[in-house]
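The values are calculated or read from the model by the stated rules, or taken from the named source; none is laboratory data. Please read all numbers here as calculations on a predicted model, not as lab measurements. Note that each Cβ is placed from the backbone with ideal geometry, even for glycine, and that neighbours are counted across all protein chains shown.
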Amino acid sequence: MSATATNAPVSTPAPGVQRSLPGPFSGVGDWVESHYFPSLLILFVIYLCAHLGYSLRIPLWHDEIYTWTIAQAPSLRDLLHLTRTVDLNPPLSYLLTRASFRIFGVGTLQTRLPEIAGFWMAIVCVSLFVRRRAGSAYAILAAVILFASKTTDPAIDGRPYGLMFGFGALMLVAWQSSTMAQDRGSRSLLSDLLLAVAAASLLLSHIFGLFLWAAIVAAEAVHSLERRKLTPSRLAALFLPLACAWFYIPILRLHGAESFPPAFQAHLSDIFSYFANRTTLEFESIAFAVVLFAAIGGRPWLSPASRFVLSRPEWIAVLCYLLTPVLIIARLTRDHGAFFNRYGDAAMLGTAILFTVLLCRLTANRPAAAFLAAVIFLFFSSRMQHTAVFVWQGHIFRHSEPAIIPFHLSPVATQDLPLVINSGIVFVEMNNHESPQLLDRTYYLTGGPVALHYTNASIFERMADDVEVFHLHGHAEPYTAFVREHPHFYLLAADHDFPEDFLLRKLKADGAQMRVLGTIDNSYRDHYLYDVTLPLAAN
């Protein structure tokens, strides 16, 4: 995809922007084109309402509880130790969450604030990247596409993904600033410094940030070949932050020792299922927009421009961002590692830019078309629906923790028996939300070779270590030791085993009598309470 680059300053209209053309919505399109920052502010208000409402409604889930706990470590030394031995991530997200706790207090929203800020930074940087080439209206469209995408909820959870997206987008726009300055014959030291900070922060946010870093390196290689000249300051800004990869050594070693159930393991077919899942909204919205353009504006609205607005090196950066899930899935497939869609969601940075640039060319950079497309994306997205509900119900104005439905055994359970939690995820979540009195009788059972036999998973086999390190009230014991002492107990589980849970299958194999006492109305994924009795032979 060849293109011509433009070196016009940001404050001037992008080349080819169609202004003041007669037709429907031309006035509002021109307003957006000439009022970039007010338009971005409107989107920010929507963004803030949506994610404050989400965070004050949805409790911390299993992985977020690790962030919440590690960020409160007694010392920075303890924090760094836990990131290398328990949660296996670079330290930046925990350090920023710790700072959030120091400033605003400890809580659910405070746990997510760094990611909420990080994802907004990604939206702004993607918008700025597009604005330099296609103008303000399409810059707002790019921001809306990223905001409306399915990556939104994982990006603002209290995990490193939002920061990875934010610093990945900042690295992209800083690199663009540096190359544009060089093409104009100007000095780019400030942009190179920003590029170095963004690269270091990206690599310290998540190990998959390395793929985004590699995308910018590839784009820089193409730029250098085109100019037949290396830029030492930009190369230093790119390669010196690689020292941050030192934090990856223990992560890779311990992650490689874990086993994952086949249902979680990456397969090359996940490439197709990932993009099908993550880009459905974009294709539906674009298709609807094209039909609407034809109906409203007729042929003049669908008169493609002769060129794309991105330069060749910028295309390389965007397409490499878009292809990060392919590389991640290929690597995890080789290592039999687990893949979840959120692992590849940095691709949505490239998706937002790609769909914006394609629509920009299709409509010859008409601001009114960008405005209508942005409205369509918001309409098709669940973001606006949820935002309206949050505002109407007043969730965003409640400075409180999300409501938790407490777990109650009585009146279903009539005996004073131990309570075994089938799921390691539920066990950790209950330890964060339930009373010490309940948790004192609560157990999670590890299986060792038994768990590997039934699930090929060792994800929760270190639960006893987590109980000790995090000072959990619940107990973690080996299955054989527990049933020897407690052949009769209660079990909280689903009506089936999840891929990583072995216990229901093991109990059935041991001939346990399992009687459903009833369903428990609670905030966890497991709702069935069983009365379990093991025969003496199993003990």
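Within segment 45-57, can one find any residue that is among the aromatic types (Phe, Trp, Tyr) and either closer than 30 Å to SER136 by Cα or outside any helix (DSSP H, G or I) (or both)? Among the residues of segment 45-57, at least one is among the aromatic types (Phe, Trp, Tyr) and either closer than 30 Å to SER136 by Cα or outside any helix (DSSP H, G or I) (or both), which makes the answer yes. When you check ILE286 against the structure, is it at pLDDT below 95, of a type in the set (Val, Ile, Thr), surrounded by 13 or more Cβ atoms within 10 Å (Cβ to Cβ) and within 21 Å of SER93 (Cα to Cα), yes or no? So ILE286 does not fit the description; no. Tell me which residues, restricted to segment 302-350, are within 25 Å of LEU238 (Cα to Cα), surrounded by fewer than 24 Cβ atoms within 10 Å (Cβ to Cβ) and of a type in the set (Ser, Thr, Tyr). Residue satisfying the conditions is TYR343 alone. Within segment 219-273, the only residue that satisfies the criterion of being polar (S, T, N, Q), in a loop (DSSP other than H, G, I, E, B) and within 22 Å of the chain's Cα centre (by Cα) is SER269.
Kindly indicate the residue of segment 77-111 that is closer than 13 Å to SER205 by Cα and β-branched (Val, Ile, Thr) and also surrounded by the most Cβ atoms within 10 Å (Cβ to Cβ) among those meeting that condition. Going through the qualifying residues, I end up with THR97. Candidates are the residues of segment 123-153 that are under 14 Å from ALA50 (Cβ atoms) and out of contact with any Leu (no Cβ under 8 Å at 6 or more places or on another chain); the one that is modelled with the highest pLDDT is THR151.
Check segment 46-68 and report whether any residue there is free of Cβ contacts under 8 Å to residues at least 60 places away in the same chain, in the same structural domain as PRO300 (by TED's automatic domain parsing) and basic (Lys, Arg). No, that holds for no residue. Screening SER186 on (1) among the polar types (S, T, N, Q); (2) in contact (Cβ under 8 Å) with a residue 12 or more places away in the chain; (3) surrounded by fewer than 18 Cβ atoms within 10 Å (Cβ to Cβ) shows it passes everything except condition (2). Of everything in segment 411-443 that's of a type in the set (Ser, Thr, Tyr) and farther than 12 Å from TYR490 by Cα, which residue is farthest from the chain's Cα centre (by Cα)? Filtering first and then ranking leaves SER435. Taking the options ALA137, ALA143, name whichever one is crowded, with 24+ Cβ neighbours inside 10 Å, small (Gly, Ala, Ser), more than 29 Å from ILE70 (Cα to Cα) and over 19 Å from the mean Cα position of the chain (by Cα). One residue alone meets the criteria, ALA137. The test for being charged (D, E, K, R), more than 30 Å from ALA317 (Cα to Cα) and modelled with pLDDT under 95 does not hold for ARG98. Scanning segment 381-395 for residues that are surrounded by 19 or more Cβ atoms within 10 Å (Cβ to Cβ) and part of a helix (DSSP H, G or I) gives ARG383, HIS386, THR387, PHE390, HIS395.
Listed by position, the helices (runs of 4 or more DSSP H) contained in segment 397-465 that have at least 2 residues being surrounded by 20 or more Cβ atoms within 10 Å (Cβ to Cβ) are 424-433, 449-455.
Screening segment 321-363 for residues that are assigned to a loop (DSSP other than H, G, I, E, B) and modelled with pLDDT of 90 or more and picking the one that is farthest from ALA139 (Cα to Cα) gives PHE339. Scanning segment 460-478 for residues that are under 15 Å from LEU419 (Cβ atoms) and charged (D, E, K, R) gives a single hit, GLU477. Within segment 280-320, the set of residues being in contact with a helix residue (DSSP H, G or I) (Cβ under 7 Å, 6 or more places away or on another chain) and part of a loop (DSSP other than H, G, I, E, B) comprises PRO304, ALA305, VAL309, LEU310. Considering only residues in segment 230-273 that are among the polar types (S, T, N, Q) and surrounded by 15 or more Cβ atoms within 10 Å (Cβ to Cβ), the one that is farthest from ALA174 (Cα to Cα) turns out to be SER259.
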